[in-house]
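The values are calculated or read from the model by the stated rules, or taken from the named source; none is laboratory data. Please read all numbers here as calculations on a predicted model, not as lab measurements. Quick reminder, even Gly has a Cβ in these numbers, built from the backbone with ideal geometry, and neighbours come from all protein chains shown.
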Amino acid sequence: MKLRVLSLCAFACTACAFDIDDFFDRLDTALTISAFHDNLRARLSGTLDLEFYNFEQPPAGLIISDVDNLFNPRLTLFLDAQIGSQIYFFAQSRLDRGFDPSDNGAQIRLDEYALRATPWDDGRFTAQIGKFATVVGNWVPRHLSWENPFINAPLVYENVTSIRDKSAPVSVFDFIYGPYYYEKYAFNPVIWGPSYASGISLSGRLDRFDYAVEMKNASLSSRPESWRVTESGFEPPTFSTRVGFRPNEAWNFGFSASEGPYFRREAQSTLPPGRDIGDYKEFVLGQDASFAWRHLQVWVEFYEARFQVPRVGDADTFAYYIEAKYKFTPQFFGAIRWNQQLFGDVSNGYGQSTRWSPDLARIDIAVAYRFTSHTQLKLQYDYQHETTAPGDDNHLLAAQFTVRF
């Protein structure tokens with residue numbers, strides 16, 4: 001009897017999955033249009049993410065919340081349009097509680113939009129203009145919820161440091177201890193997520209090499225409000241590049257670099273007399289590698305960054321992570337990621353040196369199950385440890401249910 005009940009439940013779940021897939025397949029057809037003998041094609045797609053976070057105060061990373069339990073829904077819409085084989089346009093819009101998880105009210109944003117031209121079919125050269133993710137590193141291509149093995153970003157993309165872009169520190173003491181008496185959102189990480197800044201890029205692939213260079217209106221550490229061209233201009237701009245080498249199908253190596261001012265316009269009045277925003281820059285060097293073999297995927301990134309800080313000097317930091325994903329079955333996979341960020345010393349003005357932010361280590365563990373080709377559930381646990389501070393450890397539990405259409 002029990003076997004019959006279990007068989008009936010399994011049959012019902014399978015039938016339900018087929019019904020869901022059939023519904024989304026029909027929806028995909030309805031949201032796709034073509035005209036002029038398929039020379040013009042456009043498709044509207046999206047994801048609905050329902051996220052839940054449980055954490056200790058203060059929350060780690062870029063989470064902004066005064067409560068320990070946070071529900072963070074997000075609707076993301078994508079528009080892809082192709083004109084012939086050479087012109088492509090894409091846009092991404094979101095309805096959520098903020099670019100990063102927060103307890104704020106609902107807001108809608110146009111996060112990405114860009115026009116791309118590819119004159120040659122072999123992909124040797126592509127030009128792009130608009131507001132889009134950075135070319136630096138290898139995490140950005142998998143940062144969206146369906147492709148990301150985890151719910152959050154690696155540590156270097158979300159760990160808030162003592163760097164702040166809206167005002168300059170008045171002293172070394174103010175720089176080092178600012179995070180203890182200013183709100184967290186006043187400060188910046190080395191790279192703020194995918195960095196959807198505005199600008200132009202040139203990219204392409206030549207045999208086993210690929211290249212990309214971009215000119216953007218904001219640095220890699222800039223906050224989402226700075227990414228709009230109406231908010232921050234190009235005087236002076238930020239330049240970033242990445243060169244990649246793929247020796248075979250399994251391996252991919254890359255080298256990235258970026259340079260640009262990190263202060264916002266309103267910080268001008270807080271700078272030392274005679275100095276300008278362009279005098280203080282963020283420099284980033286990055287190395288990345290990825291490996292794929294059967295059911296295993298591995299990604300690695302290393303970043304060395306330097307901030308030129310008024311009244312302080314050069315503030316250096318080194319961050320890296322190692323991430324692995326293993327697919328146990330076609331529907332079930334697990335992932336683990338080790339992150340660490342180390343900070344250099346700055347002079348305190350009295351002949352002594354002080355570390356300018358506490359060193360951190362974090363481990364992320366996640367499992368995911370894809371019920372269908374359109375629905376996915378992800379569970380994650382993080383443990384973060386400050387290795388050179390009072391030892392404020394932080395635990396995070398998160399769940400994310402994604403519907404893709």
Any chance E183 is within 21 Å of the chain's Cα centre (by Cα) and either under 23 Å from A319 (Cα atoms) or among the acidic types (D, E) (or both): no
Residue that is farthest from R223 (Cα to Cα) [pool: residues in the range 40-62 that are in a loop (DSSP other than H, G, I, E, B) and in contact with a strand residue (DSSP E or B) (Cβ under 7 Å, 6 or more places away or on another chain)]: E56
Hey, G278 at positive phi and not in a strand (DSSP E or B) or not: no
Every residue from the range 336-358 that is among the hydrophobic types (A, V, I, L, M, F, W, C) and either in a strand (DSSP E or B) or surrounded by fewer than 12 Cβ atoms within 10 Å (Cβ to Cβ) (or both): I336, W338, L342, F343, V346
Total residues in the range 219-241, condition out of contact with any helix residue (DSSP H, G or I) (no Cβ under 9 Å at 6 or more places or on another chain), surrounded by fewer than 19 Cβ atoms within 10 Å (Cβ to Cβ), touching a residue at least 12 places away in the same chain (Cβ under 8 Å) and part of a loop (DSSP other than H, G, I, E, B): 3
Single match in A368, A361 (criterion: within 22 Å of the chain's Cα centre (by Cα), modelled with pLDDT of 95 or more and surrounded by fewer than 20 Cβ atoms within 10 Å (Cβ to Cβ)): A361
Residues that are over 25 Å from S222 (Cβ atoms) and either of a type in the set (K, R) or assigned to a strand (DSSP E or B) (or both), drawn from the range 80-114: D80, A81, Q82, I83, I87, Y88
Number of the condition not met by G46 [criteria: (1) without any contact (Cβ under 8 Å) to a residue 24 or more places away in the chain; (2) assigned by TED's automatic domain parsing to the domain that holds Q341]: (1)
Answer from F318, F333, F307 - the residue that is out of contact with any Asp or Glu (no Cβ under 7 Å at 6 or more places or on another chain) and assigned to a strand (DSSP E or B): F333
Any hit, the range 165-180, residues being within 22 Å of the chain's Cα centre (by Cα) and not aromatic (F, W, Y): yes
Y211 vs. criteria under 17 Å from A257 (Cα atoms) and not β-branched (V, I, T): yes
Residue in the range 63-70 that is in a strand (DSSP E or B), among the hydrophobic types (A, V, I, L, M, F, W, C) and surrounded by 14 or more Cβ atoms within 10 Å (Cβ to Cβ) present: yes
The range 118-158: number of residues that are within 16 Å of T76 (Cβ to Cβ) and charged (D, E, K, R): 3
Odd one out for D392 among (1) over 25 Å from Q308 (Cβ atoms); (2) in contact with a helix residue (DSSP H, G or I) (Cβ under 8 Å, 6 or more places away or on another chain); (3) not in a strand (DSSP E or B): (2)
Residue satisfying all of: in the range 269-306; of a type in the set (A, V, I, L, M, F, W, C) and farther than 30 Å from E249 by Cβ; surrounded by the most Cβ atoms within 10 Å (Cβ to Cβ) among these: A305
Count of the range 1-36 residues which are at pLDDT below 80, of a type outside the set (A, V, I, L, M, F, W, C) and either in contact with a Ser or Thr (Cβ under 6 Å, 6 or more places away or on another chain) or not in a helix (DSSP H, G or I) (or both): 1
Checklist (1) part of a strand (DSSP E or B); (2) surrounded by fewer than 18 Cβ atoms within 10 Å (Cβ to Cβ); (3) among the acidic types (D, E) applied to D382, failing item: (2)
Residue that is surrounded by the most Cβ atoms within 10 Å (Cβ to Cβ), among those in the range 148-187 that are in a loop (DSSP other than H, G, I, E, B), aromatic (F, W, Y) and free of Cβ contacts under 8 Å to residues at least 60 places away in the same chain: F187
Single residue of the range 188-200 satisfying the filter (of a type outside the set (S, T, N, Q) and part of a loop (DSSP other than H, G, I, E, B)) that is surrounded by the most Cβ atoms within 10 Å (Cβ to Cβ): I191
Scan of the range 120-147 for residues that are surrounded by fewer than 19 Cβ atoms within 10 Å (Cβ to Cβ), more than 18 Å from S93 (Cα to Cα) and out of contact with any Gly (no Cβ under 7 Å at 6 or more places or on another chain), ordered by number: W120, D121, D122, A127
Lone qualifier among G351, G344 - being small (G, A, S), out of contact with any Ser or Thr (no Cβ under 8 Å at 6 or more places or on another chain) and either free of Cβ contacts under 8 Å to residues at least 12 places away in the same chain or over 22 Å from W139 (Cβ atoms) (or both): G351
